[in-house]
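Read the structure below first, then the notes.
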Amino acid sequence: MLFCRIWGEKGQAALEKASICLLNCGPTGSETLKNLVLGGVGSITIVDGSKVEVGDLGNNFMVDESSVGQSKAECVCAFLQELNDAVKAKFIEEHPEELIETNPSFFSQFTLVIATQLVEDSMVKLDRICREANISLIFARSYGLMGLVRISVKEHTVIESKPDHFLDDLRLNDPWPELRRFAETVDLNTTDAVVHKHTPYIIILVKMAEEWANTHGGKLPSTREEKKQFKDLIKSKMITVDEENYKEAMEASFKVFSPQGISPNLQKIINDSCSEVDSNSSDFWVMVAALKEFIASEGGGETPLEGSIPDMTSSTELYVNLQKTYQAKAEVDFLVMEQRVKNLLKKINRDPASISQANIKSFCRNARKLAVCRYRLVEDEFNSPVQPELQKYLTDEDYGTLQEANTLKVLPENTAAGLYILLRAADRFAANYNKFPGQFDGEMDEDISRLKSTAVGLLNDLGCNGSAISEDLINEMCRYGASELHVVAAFVGGVASQEVIKLITRQFIPMSGTFIFNGIDHKSQLLLL
């Protein structure tokens with residue numbers, strides 16, 4: 001299965017155990033859940049109290065003419081069940097807003113809740129409920145040509161963050177004794193041309209770095225000129241121009257100059273107050289506490305070795321032996337970490353075997369790439385967004401050029417910030433007038449004026465006095481009439497389902513802010529508010 005190749009068997013197992021609740025199964029919710037059903041999620045529960053109307057046939061492919069007048073939740077549930085009969089699917093014919101008000105404990109049974117098309121007041125209430133129950137929550141919304149996705153969870157820890165670009169853990173800047181001894185067995189001055197051109201670049205760099213250090217007071221190259229000289233030194237060892245291994249060594253020479261020690265991000269994690277563990281600490285933080293001890297002692301300022309090496313030009317024998325050298329060091333580091341984890345578990349009165357060897361090994365392999373994500377309450381974002389960030393989005397040239405009109409700051413039409421403010425203003429509008437702006441024919445002019453006033457009031461409440469949204473963007477928002485367009489819903493549903501998979505599998509790093517899709521010019525932006 002393609003999906004399994006992306007997140008592996010462990011990730012697939014997590015998906016198959018997951019129980020997902022979807023609130024509202026319009027096109028945005030249906031498209032989100034469709035992706036998860038096809039990915040093999042364990043069970044789904046759809047909550048929607050509406051009936052299928054003729055208008056639904058134009059934007060939701062999961063209902064047809066025979067569905068008109070029937071329960072929308074039931075029809076969508078049946079369609080999704082046909083896509084993957086291994087998924088346990090059920091529906092509840094009730095309006096989500098009523099469920100949030102009358103039965104908040106309902107949500108505690110799920111792994112994750114996907115809330116689509118909720119207005120601001122319901123978002124705030126549901127967020128509180130899910131936070132108290134420690135349930136992951138994702139908001140997704142389509143509104144005309146714009147969309148929004150927002151994650152809300154107290155804390156999300158990631159071991160397998162799988163970054164696109166990350167420096168191999170080769171320790172060329174500080175080889176351990178066994179690697180040095182292995183390198184000593186290889187003679188770079190051999191007259192055997194075949195052996196010379198099949199010496200792995202790791203060995204070349206270890207020996208060249210040692211040769212450099214011996215003539216430079218024990219120090220590795222640091223200045224631009226020294227780094228150039230180091231490359232020239234490697235080049236001087238070439239016998240013929242077609243020696244790919246030496247070319248690889250020159251290209252990888254920067255790995256010798258890379259700084260020793262751990263990254264600022266990892267330093268922040270091991271210094272987090274949660275690394276002071278107790279009986280209630282998660283397995284992640286127990287392993288972080290063990291890692292902190294390891295770095296301070298056996299690791300000598302470094303994390304456990306990952307134990308893998310990249311492909312390179314080499315003889316089979318040298319490559320296999322080099323690989324074994326790295327794997328042996330990784331195994332030694334793992335055993336030290338395993339013992340430290342057991343000691344910590346015993347110290348906090350937990351079963352020393354409660355964290356499996358497989359989990360500790362995975363943690364060791366990924367120790368340099370750990371991530372901790374924490375999210376503000378939606379209510380806090382709505383009531384008191386981070387003021388410097390909001391002002392930056394409203395005024396910074398990187399986020400759109402401001403025009404001066406009547407001494408007011410006018411937001412350009414294509415900014416995510418303008419759409420974000422107008423979506424929130426539309427919710428205020430709906431709360432005041434029991435309809436969304438532009439929802440009914442014949443009231444457009446009045447709605448435009450009302451939405452403009454509401455948006456100005458919201459900006460003032462957020463401390464952005466003197467700012468205003470462009471007239472064209474306000475007109476566009478009213479033209480949407482709170483409609484869900486299938487093409488936008490499909491895109492937003494794709495983004496939302498991607499974030500759901502990240503949260504459930506605990507792989508890759510989920511989005512950290514409020515994602516805004518701007519269908520007017522096909523751009524998106526993450527607002528950190």
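The values are calculated or read from the model by the stated rules, or taken from the named source; none is laboratory data. As the structure is a prediction and not an experimental result, all values here were calculated from the model. All Cβ positions, even for glycine, are placed from backbone atoms using ideal geometry, and neighbour counts span all protein chains on display. These area figures cover heavy atoms from the full protein model, side chains too; ligands, DNA and RNA do not enter into them. Shrake-Rupley method; radii C 1.70, N 1.55, O 1.52, S 1.80 Å.
Points worth noting:
- Cβ-derived FRET efficiency at R0 25 Å, residue 332 paired with residue 258, nearest 0.05: 0.65
- Working from Cα pairs under 8 Å separated by at least six residues, relative contact order for segment 177-257 is 34 percent.
- Here the calculated FRET efficiency for residue 13 and residue 445, from their Cβ-Cβ distance with R0 = 45 Å, stands at 0.20, rounded to the nearest 0.05.
- The peptide list 344-354, 133-143, put in order of mean Cβ contacts within 10 Å with the highest first, becomes 133-143, 344-354.
- Accessible area per residue, Å², the chain with all protein chains present, probe 1.4 Å: 47 Å²
- Rounded to whole numbers, the Karplus 3J(HN,Hα) couplings from phi for segment 18-33 are 6, 10, 10, 10, 10, 9, 6, 10, x, x, 5, x, 5, 5, 4, 5 Hz, using 6.51 cos²θ - 1.76 cosθ + 1.60 with θ = phi - 60°, and x at Gly and Pro.
- Nearest-ten-degree value, helix 416-433 long axis tilted from longest Cα axis of the chain: 30 degrees
- Between the alpha-carbon centres of segment 499-517 and segment 89-106 there is a gap of 25 Å.
- With DNA, RNA and ligands ignored, accessible area of residue 313 (1.4 Å probe; Å², nearest 10): 40 Å²
- Taking label positions 7 Å along the Cα-Cβ direction at both residue 210 and residue 267, the computed distance is 3.1 nm, reported to one decimal.
- Potential lengthening between residue 128 and residue 189 on full extension [0.36 nm per residue; Cα-Cα distance subtracted]: 15.1 nm
- Take the Cα of residue 320, step 7 Å toward its Cβ, do the same at residue 353, and the gap between the two points is 3.5 nm.
- Gap separating the Cα centres of segment 107-126 and segment 199-216, nearest whole Å: 58 Å
- Estimated [θ] at 222 nm from DSSP helical runs (n ≥ 4, -39500 (n - 2.57)) normalised by residues in the chain, nearest 500: -15000 deg cm²/dmol
- Using the average count of surrounding beta-carbon atoms within 10 Å as a protection proxy, the listed peptides 458-464, 38-44 rank, highest first, as 38-44, 458-464.
- Shown here: Kirkwood radius over Cα pairs in Å, derived from the displayed model; of the candidates (1) 23.1; (2) 24.0; (3) 26.8, it corresponds to (3).
- Between residue 434 and residue 155, the contour length at 0.36 nm per residue exceeds the alpha carbon distance by 96.9 nm.
- Potential lengthening of the chain between residue 219 and residue 165 amounts to 16.7 nm, from the contour at 0.36 nm per residue minus the alpha-carbon distance.
- Of the peptides 288-294, 125-131, 160-166, the order by per-residue mean of other Cβ atoms within 10 Å, starting with the highest, comes out as 288-294, 125-131, 160-166.
- Between helix 471-480 and the chain: long-axis angle, C-alpha atoms, 0 to 90°, nearest 10: 80 degrees
- Subset of 125/154; 17/90; 162/228; 237/329; 34/154 violating a 20 Å alpha-carbon distance limit: 162/228; 237/329; 34/154
- Rounded tilt (10° steps) of 72-83 against the dominant C-alpha axis of the chain: 30 degrees
- With each label modelled as a point 7 angstrom along the Cα→C-beta vector, the residue 235-residue 389 pair spans 4.7 nm.
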